[in-house]
Amino acid sequence: MSTTLPLFPLGSVLFPGMTMALHVFEDRYLTLVNDLLSLPADQPRRFGVVGITLGHEVGEKAAHQWADVGCTAEISTVQRRPNSSVDLVVTGVERFRAVEWLAPDGTTPYLRAQTVPLAEEVGEEAEVWRERAAHHFAVYLERLDRIGIIVADDTDLPKDPVAASYALADAIVLDMPDKQALLEADSAAERLARAVELLRRENRVLSALRLLPAGRFPHQVINLN
C-alpha cells in the first residue's frame with residue numbers, strides 16, 4: 001500500500017536509525033515543516049529525505065533529479081530562529097521507494113511522492129560480514145585518528161546486523177553515490193559487504209596519507225549516532 005510523503009531533497013543521505021540536523025530556510029520547506037507541525041499530536045511528523053542525483057539543494061529549480069529510494073524522517077526537535085528559519089533534528093525511520101512523483105502546485109509548494117516501504121532483509125552470513133566490517137572499521141578509525149580527525153569515544157557497532165549496516169553507512173566518510181548505493185542495498189549482508197569493500201579502499205588511501213608531509217586536514221568528528 002502506497003503512502004503520500006512530502007519530500008526534502010538533499011545532497012546527503014539519511015539512514016534508518018540515524019539522526020540528521022537540518023537548517024530550513026526556504027519558504028517551500030518552511031511550509032512543509034509548518035504543515036507537519038500542524039498535524040494532531042498523535043500523528044507522526046514525517047517526511048521523506050531523497051538524495052539529489054542531478055542539481056543542487058537551494059532554489060526552486062535547483063534539483064532536477066532525485067533517487068527513487070529514500071528514507072522517512074521523523075522530526076525529533078524543532079528550534080525556530082528570529083529570522084524565521086528553523087533548525088530540525090530528524091531521525092531516520094525506514095527506507096521507501098518513490099513510485100510516483102507529485103510536482104509542487106498552487107496549494108502544495110514542495111515535492112511529494114507516492115511511496116512504498118522497503119523490507120529490511122538480513123541476508124546470508126550477515127553476522128560474518130558484520131564481524132569483518134567491524135575489523136576494517138576499527139582500522140579506519142585508527143588511521144583517521146593518526147591524521148588528526150577526531151573520533152568519538154563510543155564507536156562500537158551495534159550487534160544487530162541491520163543496525164550495524166546503517167551505522168557503518170552513516171559513519172564512513174563517502175561521497176553521495178557510495179552512500180546512496182549503501183542505502184539501496186537489498187539486505188544488511190549486502191550492505192555490510194559493500195561497506196567492507198569501501199573501508200578497504202578508504203584504508204588504503206588513509207595509509208598513503210600517513211606517508212605524506214604533515215599538513216592541515218579538515219576538522220571532522222566521526223560518530224555513530
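Taking the beta-carbon count within 10 Å as an exposure proxy, list VAL33, VAL173 from fewest neighbours to most.
Numbers: VAL33 21, VAL173 13.
Fewest-to-most ranking of VAL33, VAL173: VAL173, VAL33.
Set the Förster radius R0 to 41 Å, insert the Cβ-Cβ distance between VAL122 and SER84 as r into 1/(1 + (r/R0)^6), and round the FRET efficiency to 0.05. Don't skip to the answer; put the middle values down first.
Working: r = 45 Å, r/R0 = 1.09.
Working from the Cβ atoms, E equals 0.35.
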Signed unit charges on C-beta, dipole axis of the chain, positive-most listed residue ALA208, THR107, LEU7: ALA208
Acute angle (nearest 10 degrees) that the helix 126-146 long axis makes with the longest principal axis of the chain, alpha-carbon atoms: 80
Net length gained if the chain between VAL99 and SER38 were fully extended (0.36 nm per residue, minus Cα distance): 19.3 nm
Helix axis angle, 188-209 relative to the chain longest principal axis, alpha carbon, degrees: 60
Charge-dipole axis of the chain as Lys and Arg at +1 and Asp and Glu at -1 on Cβ define it, positive-most pick from VAL24, SER84, GLY148: GLY148
In Å, descending, principal axis extents of the Cα set of the chain: 57, 42, 33
Charged-residue dipole, Cβ positions (Lys, Arg, Asp, Glu), the chain about Cα centre, Debye nearest 20: 700
Per-residue Cβ neighbour rank within 10 angstrom, fewest leading, TRP66, TRP101, TRP129: TRP101, TRP66, TRP129
Between region 14-52 and region 95-133, the Cα center-to-center distance that results, in Å: 15
Solution diffusion estimate, µm²/s, Stokes-Einstein, region 3-117, Kirkwood Rh from C-alpha pairs, 20 °C, viscosity 1.002 mPa s: 151
Amide proton proximity set for THR115, modelled H, under 5 Å, gap of 5+: THR3, THR4, LEU5, VAL99
Between helix 161-171 and the chain: long-axis angle, C-alpha atoms, 0 to 90°, nearest 10: 90
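Within a 10 angstrom radius of the beta carbon, how do MET176, MET20 rank from fewest other beta carbons to most?
Values: MET176 15, MET20 20.
The most exposed by this proxy come first: MET176, MET20.
None of the figures in this text is laboratory data; all of them are computed from the coordinates on show. Everything numeric in this text was worked out from a predicted model, so none of it was measured. Heads up, the Cβs are rebuilt from the backbone with ideal geometry, glycines too, and the neighbour counts pull from every protein chain shown.
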